[in-house]
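> Here it is: the structure, laid out below.
What follows draws every value from the coordinates through simple rules; no lab data is involved. Treat the numbers as computed from the prediction; the structure is a model and nothing was measured. Reconstructed Cβ throughout: ideal geometry from the backbone, glycine too, with neighbour counts over all protein chains shown.
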Amino acid sequence: MIPYGKQHITNDDIEAVIEVLRSPLITQGHHTVDFEKDVAKKIGVEWAVTANSATSALHIACLGLGLSTGDSIWTSPITFVATANCAIYCGAHVDFVDIDPTTYNICVKSLEEKLFQHQKQNLPLPKIVIAVHLSGQSCEMRAIKRLSTKFGFRVIEDASHAIGGKYNGEYIGNCKYSDITVFSFHPVKIITTAEGGLATTNDKKLAEKMKTLRSHGIVRDIDKMTREPHGPWYYEQVCLGYNYRMNEIQAALGLSQLKRLDKYVTIRNELANIYDKELSGLPIVLPKQNPDIYSSRHLYIVLLEDSTPPGKHSLIFNQLHQSGIGVNLHYIPVYRQPYYSRLGYKKENYPISENYYNHAISLPIYPTMSMEEQEKVISVFMKILNDKMV
Ligand SMILES: *Cc1c(COP(=O)(O)O)cnc(C)c1O
């Protein structure tokens, strides 16, 4: 089976990991600190805070911005469940805004309308909007930033798909238009640390707060303590934190992978360009890129035409799987999950997301994909769509 995505581990990566295993420090040492520094430098942001997953990073990002019971966050329903779950962990309410029909990211127009409507009817406004850069294509951050100033909410970018991508010529994650950006280093993402995540920010206080939250709420810095130290052993727990730390083994892998970030994104763009060209005659909608965006191309998502009869989507999936093409669907709208539907969300409120869900297919794309593999995906997909195999 040709998978929809997979990691690339080199001998250098393996050597870097082995070196840590042979060293005295395997949990907290200089690798985690170096990884934070190198990512921050690469992206062009002041602070980077590692975590053991993007989910943990999203959680401490929400807590860092003060999200708690009675607050709400708004986000796109076309995302991984973790984007919404992190707010529920904080006791907050989650509301969804429908997606844009061309980029499949949160629709800025719908967001603006919903904000006005809530303001007019005295309904709660969001404390945080989480902008998810689906497949690596940035959301319209300038517009979201403008709305955040007008309506007084904070912005987190869920850039789990988007490290190495650019918005308006600059790396996603520089937080020019947001308070915090979160990356994931899960093996299917652009670079990997096995499990792992990271939050970036330009706010020093926020970075320090997130660092405390990821390590039990404990501080060891005298300046941050509330009492006089009892002795050299002294530390203080100043808030309720978690054990969300990335370890040295993960960070060593991340440091080694980070060196190939641009290369990976270039290859992904080349693969996407070949798909664009070769699939252009098919009755499908190809992914559109806004001109001010350089996507990391984490996913290559095509949509079957609106006129596709019901049932055919699933049939095409089955046929592709039977032919060894591991297509996938990103994502089942979060409000459709049993946990969320119990909370009262109605799919009628999200027509664009529903239409997307009924037609989307993620084709395989990953940096080690060979020409032969891509040719196979293209020829099988064409055959299934054209040759009435369906
Ligand atoms: C992968 C992903 C996450 C969660 O990442 P983990 O590192 O696995 O916790 C969150 N949001 C989005 C959009 C993702 O794709």
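> Using a simple charge model, +1 on the beta-carbon of Lys and Arg, -1 on the beta-carbon of Asp and Glu, nothing else, what dipole does the chain show about its Cα centre, in debye to the nearest 20?
Magnitude of the dipole: close to 600 debye.
> Viscosity 1.002 mPa s, temperature 20 °C: what is the translational diffusion coefficient of the stretch 1-110 from Stokes-Einstein with a Kirkwood Rh over Cα pairs, rounded to a whole number of µm²/s?
The estimated diffusion coefficient comes to 123 µm²/s.
> I've got another one for you. Can you work out ³J(HN,Hα) from phi for every residue in the stretch 293-310, in order, using Karplus 6.51 cos²θ - 1.76 cosθ + 1.60 and θ = phi - 60°, giving whole Hz and x for Gly and Pro?
Per-residue couplings from phi come out as 10, 10, 7, 6, 6, 4, 10, 10, 9, 10, 10, 5, 5, 4, 6, 4, x, x Hz.
> By the gyration tensor of its Cα atoms, with a ≥ b ≥ c the square roots of the eigenvalues, what is the shape of the stretch 195-248: rounded for a/c under 1.5, prolate for a/b over b/c, or oblate?
prolate
> Evaluate the Debye formula for the chain with equal point scatterers sitting on the alpha carbons, no solvent, and hand back log10 of I(q)/I(0) at q = 0.11 Å⁻¹, in q order, two decimals.
At q = 0.11 Å⁻¹ the computed log10 ratios are -0.81.
> OK, next. Once you keep just the Cα pairs under 8 angstrom separated by 6 or more residues, what percentage relative contact order results for the stretch 156-311? Walk me through the intermediate numbers first.
Working: 227 pairs, mean separation 37.7, N = 156.
This gives 24 percent for the stretch 156-311.
> To continue, here is another question. To one decimal place, what orientation-averaged projected area in nm² is obtained for the convex hull of the Cα set of the stretch 275-390?
9.0
> Hey, what do the phi angles of the stretch 380-386 turn into as Karplus ³J(HN,Hα) couplings, whole Hz, using 6.51/-1.76/1.60 and θ = phi - 60°, x for Gly and Pro?
Working through the residues one at a time gives 5, 4, 4, 4, 5, 7, 9 Hz.
> Taking the Cα centroid of the stretch 287-357 and of the stretch 80-136, what is the distance between the two, rounded to the nearest whole Å?
The stretch 287-357 and the stretch 80-136 have Cα centres spaced 18 Å from each other.
> Here is a follow-up. Which of ALA251, ALA131, ALA16 moves most in a GNM of the chain, Cα contacts under 10 Å?
ALA16
> Then there is this: Which ³J(HN,Hα) values, rounded to whole Hz and listed in residue order, are derived for the stretch 198-208 from phi using the Karplus coefficients 6.51, -1.76 and 1.60 in 6.51 cos²θ - 1.76 cosθ + 1.60 with θ = phi - 60°, glycine and proline given as x?
Karplus-based 3J(HN,Hα) across the stretch 198-208 equals 7, 10, 10, 7, 9, 9, 4, 4, 5, 4, 5 Hz.
> Now, a different point. Share of Cα-Cα pairs in the stretch 1-45 beyond 12 Å, in percent?
It works out to 73 percent of all Cα pairs.
> Okay, next question. Hey, can you rank 88-100, 118-130 by average C-beta count inside 10 Å, highest first?
Listed from highest to lowest mean packing, they are 88-100, 118-130.
> For the stretch 141-186, what class follows from the C-alpha gyration tensor (a ≥ b ≥ c being the square roots of its eigenvalues): rounded when a/c is under 1.5, otherwise prolate if a/b is larger than b/c, else oblate? Before the final figure, lay out each step's value.
Working: a/c = 3.07, a/b = 1.65, b/c = 1.87.
Oblate is the answer for the stretch 141-186, as a/c is 1.5 or above yet b/c matches or exceeds a/b.
> Then there is this: For the stretch 111-268, what class follows from the C-alpha gyration tensor (a ≥ b ≥ c being the square roots of its eigenvalues): rounded when a/c is under 1.5, otherwise prolate if a/b is larger than b/c, else oblate?
Oblate, because a/c is 1.5 or more while a/b does not exceed b/c.
> Counting only DSSP beta bridges with both residues in the stretch 1-137, tell me the antiparallel percent, nearest 5.
Values: 1 of 8 bridges.
Among the beta bridges of the stretch 1-137, antiparallel pairing accounts for roughly 10 percent.
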